[in-house]
1. Just want to confirm a number: the relative contact order over the chain, from Cα pairs under 8 angstrom separated by 6+ residues, in percent.
2. Taking the Cα centre as origin and putting +1 on Lys and Arg beta-carbons and -1 on Asp and Glu beta-carbons, what dipole magnitude results for the stretch 287-439, to the nearest 20 debye?
3. Can you tell me the Rg and the Dmax, both Å, for the Cα atoms in the stretch 95-248?
4. Report the gain in length on full extension from ILE94 to ILE196: 0.36 nm times residue separation, minus Cα-Cα distance, nm rounded to one decimal.
5. I'd like the antiparallel share, as a percent to the nearest 5, of DSSP beta bridges with both residues in the chain.
6. How much FRET efficiency would the formula 1/(1 + (r/R0)^6) give for GLU309 and SER268, where r is the Cβ-Cβ distance and R0 is 30 Å, rounded to 0.05?
7. Can you give the Rg/Rh ratio of the stretch 129-185, where Rg is from the C-alpha atoms and Rh is the Kirkwood radius?
8. Find the percent of Cα-Cα distances in the stretch 32-79 that exceed 11 Å, and round it to a whole number.
Amino acid sequence: MNIFDAVQEKILLALNRLTQEGLLSAPDSRRITVEPPRDPRHGDVATNAAMVFAKGAKSNPHSLAEKLASELSSDPLIASADVAGPGFINLTLIPAAFHDVLRSALAEGAGFGRQPPRNSPPINVEYVSANPTGPMHVGHGRGAVFGDSLATLLEFGGDPVTREYYINDAGAQVDVLARSAFMRYREALGEDIGAIPQGLYPGDYLKPVGVALAAQYGATLNRQTEAEWLPLVRQFSIDAMTGLIRHDLAALDVKHDVFFSERSLTISGADGLDAVQATIEDLRNKGLIYEGRLPPPKGAPIEDWEDREQTLFRATSFGDDVDRPLLKSDGGYTYFASDIAYHRSKFLRGHRVQIDVWGADHGGYVKRMQAAVKAVTGGEVELDVKLCQLVKLMREGEPVKMSKRAGDFVTLREVVDEVGRDAVRFMMLFRKNDAPLEFDLAKVIEQSKENPVFYVQYGHARCCSVFKQAEIAFGAAPTDEELLGASFDKLSDESEIELVKRIAQYPRLIEQAAAAHEPHRIAFYLHELASQFHALWNKGKDAPHLRFVNLTDRDSSVARLALVRAVRDVIASGLFILGVAAPEEMR
């Protein structure tokens, strides 16, 4: 049950009555907001409905708000309706309205707030997509957790989702990988290779690849020219690194439905064209390709600028700063051309909503990619790019040294092995994705309220312990039927009422977080919910009549146990979306 949707329906009914009286034109509900007021003292729900329709009604917003407030006051769900400021309406609901929400939460359990599945094309969420040139670092982990949790959030909100990983297995970086692995292959054969040459990958993670190459090929590769061994070693190394990445992702419980190969875009189809060629021809047929020269950059250098006639995409027609080249001087495709073809392939596979999760260092690439997606989809798709800022790894306030195994960074797997999956996933989401994140390895495993993941998980465990106490006290915990039939008017303390109202916000939060593509909102909410619950627990220490289990007042105990059950289920639901465990006890 979404209490804000219920109130919005009542507002629309009141607006329709005013329309029938000739005071309004037909209302457009899309512009109406129904939300908790910023100050809880002003009521339970605030709406801008009168301000939205005042101009069309040729009425003063405050005057129209008074008429609408009068209409709403007669509704049995609404205790009072007050006009504030230029025309906002603050509504206070009767307690029974929140009692119904609590019963809904109890009946639905961890499914409270889940939307029914929509019969629509799946949303494509592409995340991680790290180059298969080595193990993932902590920055990759942030994008992996964000994308995975966003996909779960969208599914919880009713949308079908395809989770996709784009394997960058074409281009110069995989040739560098192959040459680096070949050095380790020679080392595995007993050769003293000395220091790894500059420009190659120096990490020890390629040593097992070299050993595996030696086991499979013996000394054969050493007798071949580079042109002969390079494709063999390249594919072998890509497969090994992709396997390593999948292993790291599994440690974080990050899942993908599709692993899409960039190299597959350059394989010719039945028409003799590969996907990149077909994309360029599609744009050419739309009049969006021309041969021309780019002016020299006025400010910072443009990485793909060349003073020659080039095949250019009219990116400026779709909001980009400059038109973009699609072919290199040697006739090969630019990275941008391949990326356009990739996003066109998503469109051809039926994805009308596309979300890409990138590292912050790709911020300059966003505008051109959004322009290209608009062009190849005829404006049917608007690409949403979520940038994940860097993660600064700390230990008790001091920067963490680089990993010997990786060569120049700390691997994600090392962090997961040290602090655990739950700490990594929760803390990666306890900041907005485009805000920098300091991840302190010591603090995220502290058992204190200063550690958000512990505090939230402890909230769930504490809820479970309350029912164990009830079972001991009463001989058996109240049944589900008894909890649903509880006398919720017994929940009269301000802290209890505020906790019920916080639970009532959860379905609306799911809708808004999914629509905004912002899973961090769930982490913030869970921390607030857990904080309120812990505060109520502590309040019961000083005020025995507020304790959850009271042998002298079973009715109050059952009502409070129902509240505890709802808190437990909402915490479990939110942690599920974040991919974090909901423990029944903390060790």
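The values are calculated or read from the model by the stated rules, or taken from the named source; none is laboratory data. Here the structure is a predicted model, which means the values were calculated and not measured. We place every Cβ from the backbone using ideal geometry, glycine too, and count neighbours over all the protein chains shown. Calculation scope for accessible area: heavy atoms of the full protein, side chains included, ligands and nucleic acids excluded. Shrake-Rupley method; radii C 1.70, N 1.55, O 1.52, S 1.80 Å.
1. Relative CO of the chain lands at 15 percent.
2. Dipole size: approximately 380 debye.
3. Rg, Dmax (Cα atoms, Å): 23.7, 83.
4. This chain segment gains 29.5 nm when fully extended.
5. Counting DSSP beta bridges with both partners in the chain, the antiparallel share is about 50 percent.
6. According to the calculation, E is roughly 0.70.
7. On the Cα set of the stretch 129-185, Rg over Rh gives 1.16.
8. Result: 70 percent of Cα pairs exceed 11 Å.
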